[in-house]
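Just so it is clear, none of the values below were taken in a lab; they were calculated from the coordinates. Quick caveat, the model's predicted, so the values are computed rather than measured. Using ideal geometry, Cβ is built from the backbone for each residue, glycine included, and neighbour counts are taken over all protein chains shown.
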Amino acid sequence: MTAFPSPQPDLPSDLLVLDGYLDDQTLPDEILGAPVRFQLVVSPTEDRVDELVLPCTVTQSELAHAIVNELGASDLLRVSGRIRLPQTPGDVLQLDVTAIEVLDTGVDLASVSTDDEIGPAELSEHGFVERTGHYQVWHDPDAGLSSIWHTSGTWLDSTDDPSELGTVIEVFEQRRTPKAE
């Protein structure tokens, strides 16, 4: 785990600490010294309704450098900072980040040489990834398949019927959960 710097043990009461995945796009502002913006996907439960995409801002140069140059999409982070509430209509809710800890790294797509290294052979270069709680789903329009992975990297299955995604996840969860006797 890498920390940039870590949250202090005696946290002020207005400090918020969240775990979430770094979204695929960071936005360094063009002006030197301006804040770097990114989105954190927070999924506290398996229920998609509880998922939150939180806009975040970093002003500290060490943290800004890490977000732009060292961290990648789907890295699992623990961030701490202060929430900034909208003051007028049109303002955004955002987290002013003061510390970042890397809990787990995502797939570095720059180091992947074949599709087999990130999933089954059905994956194409087109489509989209959807994150649902602890699961990622790759929707491949070329093959007409949706492939599902747990965020641990375990591949669950592929289906040509998107309505079956919940069933695939449910079967996987049942296999993972020990039966009570």
Full-stretch length increase - Asp104, Arg176 - with 0.36 nm per residue and alpha-carbon distance subtracted: 23.8 nm
For Asp104, net neighbour charge (Lys/Arg +1, Asp/Glu -1) across residues whose Cβ lies under 12 Å away: -2
Gain on full stretching of the segment that runs from Gln87 to Asp142 - 0.36 nm per residue minus C-alpha separation: 15.2 nm
Segments 70-80, 167-177 sorted - mean Cβ within 10 Å per residue, highest first: 70-80, 167-177
Debye intensity ratio in log₁₀ form over the Cα atoms of the stretch 35-77, taken at each q of 0.21, 0.31 Å⁻¹: -0.72, -1.12
Whole-Hz couplings from phi, Karplus 6.51/-1.76/1.60, listed for the stretch 93-102; x for Gly and Pro: 7, 8, 9, 8, 7, 10, 8, 9, 10, 7
Under 5 Å, built H, 5+ apart or other chain: amide partners of Arg84: Gln94, Leu95, Asp96
